[in-house]
Amino acid sequence: MLGLKLPTDPRWADLAGKSIQEILTDHAYCEQKAASTSISLIQNYPDFENVIESLSPIVKEEWGHFELVLVHLKKRGLKLGLQRKDEYVNELQKFIRKGGSRKDSLTEKLLFAALIEARSCERFRLLSKNIADEELKNFYKNLMVSEAGHYRLFLDMACDLSGKEKVMNRWDEWLEYEASIMKKLELRGDRMH
């Protein structure tokens, strides 16, 4: 369903399960950044009405996820740690095409967001199946469904904006590039990506 070219190494879920505070902290900041990304798209592309209508609920939902992660930290007597550099996202940003029309720019940013949501969905699925904490298993199963919806929304918006064939050709390029990033990144259980 997600089309990712390289699945996450299954050992990642085991490592994440041993680093609950770190993975929840990183997850909280991922949710915060997801909300910020949608806000930024609304601010920068208000002339695309469907962006405002589609992304306004996403902002609220992603911020709600951030708050839920904070609840899970607190329940476990853990604190939100410091935000860390997200190598995965930084590498993905390098692939965003610069220049072109506003429509082209928006399409690239929607594909960027779709890919992050797809990888998050895949990671949440792994956590929902492998983490020992039953409450977190259910939490990640619910989030997996939500992230899948966000992934589809961003990809569908890009297709509606720039045409399905063009976008799906570019999406294949994004997927190949993302797989090359995944091959290079160190396997770490304290990062969501």
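The values are calculated or read from the model by the stated rules, or taken from the named source; none is laboratory data. Values in this document were obtained by computation on a predicted structure and should not be read as measured data. Cβ sites come from the backbone with ideal geometry, for glycine too, and all protein chains shown count toward neighbours.
When you scan the stretch 158-169, do you find a residue that is in a helix (DSSP H, G or I), modelled with pLDDT of 95 or more and farther than 25 Å from GLY100 by Cβ, even just one?
Scanning the stretch 158-169 turns up no residue that is in a helix (DSSP H, G or I), modelled with pLDDT of 95 or more and farther than 25 Å from GLY100 by Cβ.
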Legend entry - In the stretch 93-119, the residues that are of a type in the set (A, V, I, L, M), in contact with a helix residue (DSSP H, G or I) (Cβ under 6 Å, 6 or more places away or on another chain) and part of a helix (DSSP H, G or I): LEU110, LEU111, ALA113, ALA114, LEU115, ALA118
Legend entry - Qualifying residues in the stretch 107-124 (those that are within 10 Å of the chain's Cα centre (by Cα) and not hydrophobic (A, V, I, L, M, F, W, C)) - the one nearest to SER162 (Cα to Cα): GLU117
Legend entry - Residue match in the stretch 11-27 (condition: under 19 Å from the mean Cα position of the chain (by Cα), free of Cβ contacts under 8 Å to residues at least 24 places away in the same chain and assigned to a helix (DSSP H, G or I)): no
Inset, instruction - Return the pairs, sorted by first residue and then second, in which the second residue is among the charged types (D, E, K, R) and part of a helix (DSSP H, G or I), the first residue lies in the stretch 135-155 and is in contact (Cβ under 8 Å) with a residue 60 or more places away in the chain, the beta carbons are less than 6 Å apart, and the residues are 6+ apart or on different chains. - result: HIS150/GLU117; TYR151/GLU117
Inset, instruction - Please work out which one of (1) at pLDDT 95 or above; (2) within 18 Å of MET144 (Cα to Cα) is the condition SER40 fails and give its number. - result: (2)
Legend entry - Residue tally, condition touching a residue at least 24 places away in the same chain (Cβ under 8 Å), over 15 Å from CYS121 (Cα atoms) and either among the hydrophobic types (A, V, I, L, M, F, W, C) or outside any helix (DSSP H, G or I) (or both), over the stretch 29-47: 4
Inset, instruction - Report yes if some residue within the stretch 50-73 is outside any helix (DSSP H, G or I) and modelled with pLDDT under 95; otherwise report no. - result: no
Legend entry - Index of the failed condition, LYS85 passing every other in (1) among the basic types (Lys, Arg); (2) at pLDDT 95 or above; (3) closer than 24 Å to VAL69 by Cβ; (4) outside any helix (DSSP H, G or I): (2)
Inset, instruction - Those residues that are at pLDDT below 95, buried (at least 16 other Cβ atoms within 10 Å of the Cβ) and over 15 Å from HIS65 (Cβ atoms), I need them from the stretch 131-157; list them, please. - result: ILE131
Legend entry - Count of residues meeting criterion [surrounded by fewer than 22 Cβ atoms within 10 Å (Cβ to Cβ) and of a type in the set (Val, Ile, Thr)] in the stretch 76-129: 2
